[in-house]
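To keep things clear, I will list the structure first and then write my remarks on it.
The values are calculated or read from the model by the stated rules, or taken from the named source; none is laboratory data. Since we're looking at a predicted model, the values are computed, not measured. When we count neighbours, we look across all protein chains shown, and the Cβ atoms used for this are built from the backbone with ideal geometry, even at glycine. The accessibility values were calculated without ligands, DNA or RNA, using every heavy atom of the protein model including side chains. Shrake-Rupley method; radii C 1.70, N 1.55, O 1.52, S 1.80 Å.
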Amino acid sequence: MFCEKAVELIRELHRMTDGQLPAFNEDGLRQVLQEMEALYEQNQADVNEAKAEGRAELIPSIKLRHCCLLRNQRCLTAYLYDRLLRMRALRWEYGSVLPANVRFHMCAEEVQWFSQYKKSLASFMRSLGGGEGLDLTQDMKPPKSLYIEVRCLKDHGEFEIDDGTVILLKKNSQHFLPRWKCEQLIRQGVLEHVVS
Amino acid sequence: MDTQSYLPVEPGVGMEENFLSLDDILLSHERLPIRTECRFPRLGYLERSTDAQDIPEGTKMELPLWLSKGLYEKKRRVLSVELPKVYREGWRTVFNADPNVVDLHKMGPYYYGLGSQMLHFDSPENPEIAQTLLQTFVGRFRRNMDSSQNAYNEDTSALVERLDSTCTLK
């Protein structure tokens, strides 16, 4: 049956319910596009034959292939769109610089889309607060205090805070740091907010 | 990663599908038993039980929902769709008697979704099917809601296994 490869692409994304971005399946995309070309050519030939020789009984088959073309189109559009939604979420969760392993999973056009989205978001945020700008990606939950106690979950190396002090983030070390500095790292899973 | 920011396209409501919804695409991939009401020339290779070049009229085969919907026409010149077992009289009586007993996941993961889509095929039993779908949901809703609100720190996998994918609440 047609359109199996297209549905496989959808299943690939559907499996990752937590919003992770899997590698761009360029191969799969190409196979679906090839199937669409083959279907289209068969249909063109049948349509010409039906018109030239008046063979109306070819029409159900033409219609079937047309349904398959539409289905493949739907699957590809949904695949690409869902990936964009995941990339958009990455900007809000990780910040504007993505880790290299995530960037590897994006194709060239997606990288371009991401940088344009970043620019749009940045210019929007700059326009808020009467020309001063407001970082919307900070403080996603209402903060309870200015400084928070955090524990380091993995080795992250050196970390500089606003007054110039450099802190060494080693696994299992605890620190008392300003909330706004830690927020990105907490979301990335490097630090953990300790609630005593 | 915190998943608050990833907002996928949700499935459509009732008889509508959302074009970009991954759930709706997977739902419409389910296969249905159909009977062809006309000949499909040059597509014999899709129906592997014979070596014919065409699919003759009156062939019983299985087609995915998306294809059945696409080809179906009211005047029935193209194909006729058989109701899957779960939506027929026998099972409907079971659901009407006690909706909570049934393992919906075993009945196919998209009981409500597929049932709603079956209404597109103008079966004379449509009003009864719609009624049963609604009553089943209403009947199971109370227990599902209760379990999800009161499942703090417990392993709910045994419960969730018996739910349809629409109801698999976090």
Carbon + sulfur, % of accessible area of segment A:1-135 - ligands and nucleic acids excluded, 1.4 Å: 55
What relative contact order, as a whole-number percentage, does chain B give when Cα pairs under 8 Å and 6 or more residues apart are counted? 19
Between segment A:91-145 and segment A:33-51, what's the alpha-carbon centroid distance in Å? 44
Proximal charge balance of B:Pro56 [Cβ under 10 Å; K/R count +1, D/E count -1]: -2
For chain B, inverting the pair-averaged 1/r of distinct alpha-carbon atoms gives a Kirkwood value in Å of 18.0
What is the local net charge at A:Leu146, summed over the other residues whose Cβ is closer than 13 Å to its Cβ (Lys, Arg +1; Asp, Glu -1)? -1
How many percent of the alpha carbon pairs in segment B:108-151 exceed a separation of 16 Å? 47
Treating cross-link reach as a plain straight distance, find the aspartates and glutamates whose alpha-carbon is under 14 Å from the alpha-carbon of B:Lys74, omitting any fewer than eight places away in the same chain. B:Glu37, B:Asp122
Candidate aspartates and glutamates for bridging to A:Lys141, where Cα separation is under 16 Å - those fewer than 8 sequence places away on the same chain excluded: A:Glu93, A:Glu183, A:Glu192, B:Asp2
How large is the dipole of the protein assembly as shown about the Cα centre if only Lys and Arg carry +1 and Asp and Glu carry -1, each at its Cβ, rounded to the nearest 20 debye? 240
Which shape class, rounded, prolate or oblate, goes with segment B:1-72 when its Cα gyration tensor gives a ≥ b ≥ c as root eigenvalues, a/c under 1.5 marks rounded, and past that a/b bigger than b/c marks prolate? prolate
In terms of the charge dipole of segment A:35-108, which places +1 on Lys and Arg and -1 on Asp and Glu at the beta carbon, the residue among A:Cys75, A:Ala100, A:Asn48 farthest towards the positive end is A:Ala100
Cleavage-rule hits (trypsin sites (Lys or Arg not before Pro)) in segment A:1-68: DSSP loop, at most 16 neighbouring Cβ within 10 angstrom: A:Arg55
Starting from 0.36 nm per residue, how many nanometres of slack lie between B:Glu16 and B:Glu89 once their C-alpha separation is accounted for? 23.8 nm
Farthest toward the dipole's positive end in segment B:31-162, which of B:Gly115, B:Pro64, B:Thr136, given Cβ charges of +1 (Lys, Arg) and -1 (Asp, Glu) about the Cα centre? B:Pro64
Cα-Cα P(r), segment A:70-118, percent of pairs per 10 Å interval: 24, 52, 19, 4
Exceeding the 21 Å Cα-Cα cut-off - candidates B:Lys60/B:Lys85; A:Lys118/A:Lys171; A:Lys63/B:Lys75; A:Lys63/B:Lys69; A:Lys63/B:Lys60: A:Lys118/A:Lys171
For a bin width of 10 Å, list the pair-distance distribution of the protein assembly as shown built from all Cα-Cα distances, rounded to whole %. 4, 17, 22, 22, 17, 10, 5, 2, 0
When each pair of different Cα atoms in segment A:1-85 is counted once in the 1/r mean, what is the Kirkwood radius in angstroms, to one decimal? 14.2
With the 8 Å Cα cutoff and a minimum separation of six or more residues, chain A has a relative contact order in percent of 17
Please state, as a whole number in µm²/s, the translational diffusion coefficient that the Stokes-Einstein equation yields for chain A at 37 °C and 0.692 mPa s, with Rh defined as the Kirkwood radius across alpha carbon pairs. 156
Excluding residues on the same chain fewer than 8 positions from A:Lys170, give the lysines whose Cα lies under 17 Å from its Cα. A:Lys154, A:Lys181
Taking H placed 1.01 Å from N in the peptide plane, check which residues at least 5 places from B:Ala151 or on another chain put their amide H under 5 Å from its amide H. none
Taking the Cα centre of segment A:1-148 as origin, work out the dipole magnitude from +1 charges on Lys and Arg Cβ and -1 charges on Asp and Glu Cβ, in debye rounded to 20. 580
